[in-house]
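As structure tokens, the structure follows; a few thoughts come after it.
Please treat every number below as a calculation from the coordinates, not as lab data. These numbers come from a predicted model, not from an experiment. Cβ: placed from backbone, ideal geometry, glycine included. Neighbour counts: every protein chain shown.
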Amino acid sequence: MLEGPIGASAFNNEFGRPAVCGYFRTFEMEVDGRRRGYHKPIMLAGGIGNIQSQHIDKNPIPAGSLLIVLGGPAMLIGLGGGAASSMAAGQSHEALDFASVQRGNPEMQRRCQEVIDACWRMGADNPIYSVHDVGAGGLSNALPELVEGSDRGGRFHIGAIPAADPSLSKLEMWCNESQERYVLAIAQDNLPLFQALCERERCPFAVVGDALAEQHLSLSDADKSLIDMPLSVLFGNPPSMRREISAQLSVTSSTQKFFARKKLLRGNQLSEKGDISLSSPFAKGISILEEAALRVLHLPTVANKSFLITIGDRTVGGLVVRSQMVGPWQVPVADCAVTATTFGSRTGEAMAIGERTPLALLNAPASGRMAIGEAITNIAAAAIDDLSDIILSANWMAAAGQPGKDAALFETVKAVGMTFCPALGINIPVGKDSLHTQWDNQSVTAPLSLIVSAFARVSDNQSSLTPQLRCGYNKGEKKCLT
């Protein structure tokens, strides 16, 4: 809860990208004899930008183009990648858990971004044909995907890949997920220009290969061939995965239990001294109403989030119009964030987040619809012209393989992706992760968690609503207006 936000704040303070909205969720309870909650908290990071129309589509890569790795060197890290993130924490081997850690270097990320920005700002003279990020699988995934998108092949030399550790094996060089790297293609004639831009920004780069006319992948080390295969083998059509799932509990039975507990809570009686009756197991150990209130206010989900927010420069870049802090007392209760398109403009962008993860224990599809509803009502505080201007980004996290969780995921994706969002006319892409933690003889299984980020353009970045009450004067008497 502390180290994650501190790491994220480095991108505010070192990278120059402000964090302007977010959420915080803590949760744990016993349901049907199983512990549900978040032993491994969700850390969400994302952003919004704008792009010119001529840069939306990647350009075809001509044969003979140079293939480049831009950014930091290879390291013995991130070898677990997507395989480790898809397993329950504690279920895999310790070495795989460690290998799934990714390197974070905001300073290097910033240098790469400055080089890329300098290239696209050249307009028609942009030297970059195509650029691709490096994620799970490292260069073994990114470089083939770069050339495959243009129906090309690639010839690569592993000795040209920069490495921070000379003891790395060839496999580790090719597959590590050290981030803050990009792969891109440029024409040979543009190499001196690109090199000058990298030197100006002090950003490392290396020419690691060239594009081939035929769709073939080769990787060599000096005179030794390490990989020699058609790209069709790598990007073939694998058979669809089939999973047989069953629901653990019906929605009806879960909901009945929920309302039975609410009825039990409503049965608590308060004495004249404010004492709470101990007839309810939910009030066990609590004798004073004040103590109960303080327990609630101490929960990180409920408590003031300033400790998470003030560690980062929220105005870095100079385009933030609405941050988390509201009013003269700077209380972090803003419903959405608003930024300006450029300096002096009244147009801009808005973003907001929605989530209702604990509801998934009662009704998983309803929790998905509620998350989208919260994201939309939050971003509605900005000056958005039409509902169709809103774009949603979904992060799905589920404890796959746990009883009832696969069925809950299927039903929620179906409800959100095939019914709710199409009815609203809103686009919603997806992602994934895992949420089951297990150690010794204990385990904590998180509820199905859909975190929805909403983005939209705004016509007037100065017109946004906040929960602050505005105070004015009417005939000499102070009056508060909403």
Distance from a point 7 Å along Cα→Cβ of T347 to each backbone N in the range 370-404: keep the residues under 17 Å and list them by number.
383-391
Could you give the length gained by full extension between I51 and R200, i.e. 0.36 nm per residue of separation minus their alpha carbon distance, to one decimal place?
51.3 nm
For L465 and A293, FRET efficiency with R0 = 22 Å and r from the beta-carbon atoms, rounded to 0.05?
0.15
Under a plain spin-label model, where a point goes 7 Å from the Cα along Cα-to-Cβ, how far apart in nm are S388 and I245?
3.2
